[in-house]
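Reading through the structure tokens given below for one structure.
The values are calculated or read from the model by the stated rules, or taken from the named source; none is laboratory data. Every value quoted in this text rests on a predicted model; they were computed, and no experiment measured them. Every residue, glycine as well, gets a Cβ built from its backbone with ideal geometry; the counts of neighbours run over all protein chains shown. Each accessible area value is taken on the protein alone, full model and side chains, heavy atoms only, with ligands, DNA and RNA left out. Shrake-Rupley method; radii C 1.70, N 1.55, O 1.52, S 1.80 Å.
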Amino acid sequence: MITGDAAYIKKINRSLILEKIVQEGMISRADISKATALTRATVSAQVADLLDEDLIIETQLEHNSVGRKPIMLSLNARAGYALGIDVDYNQISFTISDLLGKLVFEKAIECKSRAYEDILQILIEQINLLDEEYSDNRYGIIGVVIAIHGLVGKDEKIHFVPRFLWRSVHLKEDLEKACKLEIHIENNANMSAFAERVFLHHETNSLLCTTIYSGIGLGIIMDNHFFRGNDGFSGEVGHMIVVPHGRSCSCGNEGCWEQYASESVFLENIRVEKGLSSFTYDDLKKLIAKSDQDILERLEHFIYYLSIGLNNMINMYNPDTIILDGEILRLYPDSIKKIEEHLTSSISHYRELSVSTLGKRTVRMGACAFAIKRFLGVPILNLTYNK
């Protein structure tokens, strides 16, 4: 039984009402009362406050039946904006969405430097610029969530980023000193998992999302909450050893999974072994279309090692839904079928295995959605994905 003072109960009721409004898109006061089991008086009082705060709007439906036209409530999507940022190797990407997760702005900045001070300066300049540009409504930018490809503690302190060799940096504190906005730091794989849950997989509360672009990370959602581990470092499955005494990894070990099944390593190995100045996804796509035998054999090895790690994760977590977030898997025909052919263990159980359809913006979409959830204060957020 939930207990607390009047302010606490009011806050819970508010979150239930907002959650239902967002979930339904449009809903009447009477239907909110039925769905939440709150009295009509409670709903009316809360709705009045939300209208005063410009968080929701009223719409009168036109219809031909006898009686009063129903007044429908919906979230005021343009009352504020969310800013999601993905700090990846060689590139920092920015996305702004409205309060329903619809993308309104995207920008990517190439950054070859790994130095913390250089990346910090780019973030300060861009956040302040966007804060000024998107102040044309009541709330402006309601929050900034920055996704980091490394170890982020529960205290939002960045403990280690392998590709940048950052150790114990206080990005949140440094940014909040230089920017006026609320800043939050999250792991990139967690944000990918959150995007999949919020925009596409509303029916599940047990989801794993594996990102394989510049490393391999795992976002874990169990019972609609992130599984973070003791310090917040869970999900670093890219450093699970799959080949004893194998290739050296920046983490200090040998034979880590991401040295065999991350896309950046796969592309870089082809570039080096073929003596090329560069080798991109577009180059790979062309060779797949030509049925290049060498490339197809390399892809089979890539799928094989990817499947080894997936088999381990399935047996560890017994998830309902598994999402793989990677561009190569979207380019390679029947990649899921090929992976499943390697998942032959009789004790591995899951309901769905699929490739993400959100593309490379998945992390940023998840970051925007996470900012929205925090701002609205709702327990569960279900949004519609608009391509």
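List of remarks:
- Assigned charges on the beta-carbon of Lys, Arg, Asp, Glu; the chain dipole about Cα centre (debye): 700 debye
- Charge dipole of the chain about the Cα centre (unit charges at C-beta), most positive-ward option of Y134, L383, V22: V22
- In this structure the stretch 56-214 gives 43 Å² per residue of accessible area when probed at 1.4 Å with all protein chains present.
- For the chain, the share of accessible area belonging to carbon and sulfur comes to 49 percent (1.4 Å probe, ligands and nucleic acids excluded).
- Full-stretch length increase - K112, N90 - with 0.36 nm per residue and alpha-carbon distance subtracted: 7.4 nm
- Applying both filters, DSSP loop and at most 16 other Cβ atoms within 10 Å, to the chymotrypsin sites (Phe, Trp or Tyr not before Pro) of the stretch 282-387 gives Y385.
- Amide H partners (placed H, <5 Å) of G143, local residues excluded: L83
- 20 °C / 1.002 mPa s Stokes-Einstein diffusion coefficient of the stretch 226-329, Kirkwood radius on C-alpha pairs, µm²/s: 140 µm²/s
- Computed from the Cβ-Cβ distance with R0 of 22 Å, the FRET efficiency linking E268 to I241 stands at 0.60.
- Nearest-0.05 FRET efficiency for D174 and N137, computed from C-beta distance (R0 22 Å): 0.20
- Positive-pole candidate from Q60, S97, A108, dipole of the stretch 36-147, charges at beta carbon: Q60
- Extension gain for L51-S278 works out to 76.3 nm (0.36 nm per residue, less the C-alpha to C-alpha distance).
- Where trypsin sites (Lys or Arg not before Pro) fall in DSSP loop in the stretch 106-156, at most 15 other Cβ within 10 Å: K112, R114, R138, K154
- Cubic angstrom per residue, convex hull over Cα atoms of the chain: 183 Å³
- If you model the stretch 1-127 as an ellipsoid using its alpha carbon gyration tensor, with each semi-axis the square root of five times an eigenvalue, the axes come out at 41, 20, 11 Å, biggest first.
- Accessible surface area normalised per residue over the stretch 257-387 is 47 Å², counting heavy atoms of protein chains with a 1.4 Å rolling probe.
- Shown for the chain are the DSSP H helices of 20 Å or more along their axis, judged by Cα atoms, with a mean Kyte-Doolittle hydropathy of at least -0.5: 6-24, 116-133, 293-317, 362-376.
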